[in-house]
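The values are calculated or read from the model by the stated rules, or taken from the named source; none is laboratory data. Everything numeric here is computed off the predicted structure, so don't read it as measured data. With ideal geometry, Cβ positions are generated from the backbone for all residues, glycine too; neighbour counts draw on all protein chains shown. For accessibility, only protein heavy atoms count, side chains too; no ligands or nucleic acids. Shrake-Rupley method; radii C 1.70, N 1.55, O 1.52, S 1.80 Å.
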Amino acid sequence: MKNERTLVHIIEQQTEILFKNLEDQVAGAELERILDAVNNSRYLFHMIHSADKYFINPYDYTYDKNTAGGVDENYSIISESREGYIPDDGFVIPRETLVSYLAAVKQKVMTYLSLLTDAELSEKPVNCPHTKLALVLGQFRHAMIHCGMSEAVTFESQGKWLAYTGFSYIKN
């Protein structure tokens, strides 16, 4: 059926869990710690920016510096091999900025998902070589690898694991 949302509903639930884990990571992560010559706040910013840009359609995206707390978009580039990379200059993105940007991205993503149908999951957004489902799954993979990196950095610094949320977060 064209308006069926069974699969999208599952994706929405899993996205709620994903964002809960990202929120917990941003709330408790050791932001100043350096990993591979970049502080952890930038890894978290990169993770949030990626969800902002790639969850829906990276080929129809405009960075909103205000939504991102005034942070230069190039702080999301974490590899010196990429154009625009800013070497770690001691700027630690404030936790409040990360929290606010993450909340805005979550709202954007959840609104997008609320309008999506199962049939649309196999469609490619305008000018995008990937299906809508592939973009969603790609962001799940990407977010959790960065969440795990931040978790490891934080554990090394603090000696404790931050909260992790699984299926129990969704009450049917």
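Residue-by-condition table, conditions (1) part of a loop (DSSP other than H, G, I, E, B); (2) under 16 Å from MET149 (Cβ atoms); (3) not small (Gly, Ala, Ser):
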site: ASN3; (1), (2), (3): yes, no, yes
site: ILE10; (1), (2), (3): no, no, yes
site: LYS20; (1), (2), (3): no, no, yes
site: GLY70; (1), (2), (3): yes, no, no
site: ILE78; (1), (2), (3): yes, yes, yes
- Message: I need the full set of residues from segment 134-172 which are in contact (Cβ under 8 Å) with a residue 60 or more places away in the chain and open to solvent by 60 Å² or more (accessible area, probe 1.4 Å), in order please.
- Response: MET144, GLU156, GLN158, ALA163, TYR164, PHE167, TYR169
- Query: Within segment 1-33, can you find the residues that are surrounded by fewer than 16 Cβ atoms within 10 Å (Cβ to Cβ) and basic (Lys, Arg)?
  - Reply: LYS2
- What pairs can you find where one residue is in segment 100-124 and under 11 Å from ILE11 (Cα atoms) and in contact (Cβ under 8 Å) with a residue 60 or more places away in the chain, the other is open to solvent by 30 Å² or more (accessible area, probe 1.4 Å) and of a type in the set (A, V, I, L, M), and their Cβ atoms are less than 6 Å apart, with a gap of 6+ or different chains? ASP118/LEU7; LEU121/LEU133
- Residue in segment 47-54 that is assigned to a loop (DSSP other than H, G, I, E, B) and open to solvent by 60 Å² or more (accessible area, probe 1.4 Å) present: no
- Message: Checking SER122 against (1) in contact with a Leu (Cβ under 8 Å, 6 or more places away or on another chain); (2) buried (at least 16 other Cβ atoms within 10 Å of the Cβ); (3) not charged (D, E, K, R), only one condition comes out false. Which one?
- Response: (2)
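Does ALA29 fit the bill of being closer than 24 Å to SER168 by Cα and among the small types (Gly, Ala, Ser)?
On the way: closer than 24 Å to SER168 by Cα: yes; among the small types (Gly, Ala, Ser): yes.
Judged against the criteria, ALA29 is a match.
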- Message: Could you check segment 52-75 and list, in sequence order, the residues that are touching a Gly at 6+ places or on another chain (Cβ under 9 Å) and closer than 24 Å to GLU16 by Cα?
- Response: TYR54, PHE55
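Within segment 34-45, track down each residue that is surrounded by fewer than 19 Cβ atoms within 10 Å (Cβ to Cβ) and under 15 Å from VAL92 (Cβ atoms).
Here is the first cut: in segment 34-45, the ones surrounded by fewer than 19 Cβ atoms within 10 Å (Cβ to Cβ) are 34-37.
Of everything in segment 34-45, those that are surrounded by fewer than 19 Cβ atoms within 10 Å (Cβ to Cβ) and under 15 Å from VAL92 (Cβ atoms) turn out to be ILE34, LEU35, ALA37.
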- Query: Given the structure, is VAL105 surrounded by fewer than 16 Cβ atoms within 10 Å (Cβ to Cβ) and in contact with an Asp or Glu (Cβ under 7 Å, 6 or more places away or on another chain)?
  - Reply: no
- Message: Could you tell me how many of the residues in segment 74-92 are surrounded by fewer than 18 Cβ atoms within 10 Å (Cβ to Cβ) and either under 14 Å from the mean Cα position of the chain (by Cα) or in contact (Cβ under 8 Å) with a residue 60 or more places away in the chain (or both)?
- Response: 1
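Being over 27 Å from SER41 (Cβ atoms), of a type in the set (A, V, I, L, M) and outside any helix (DSSP H, G or I): is that true of VAL126 here?
So VAL126 fits the description; yes.
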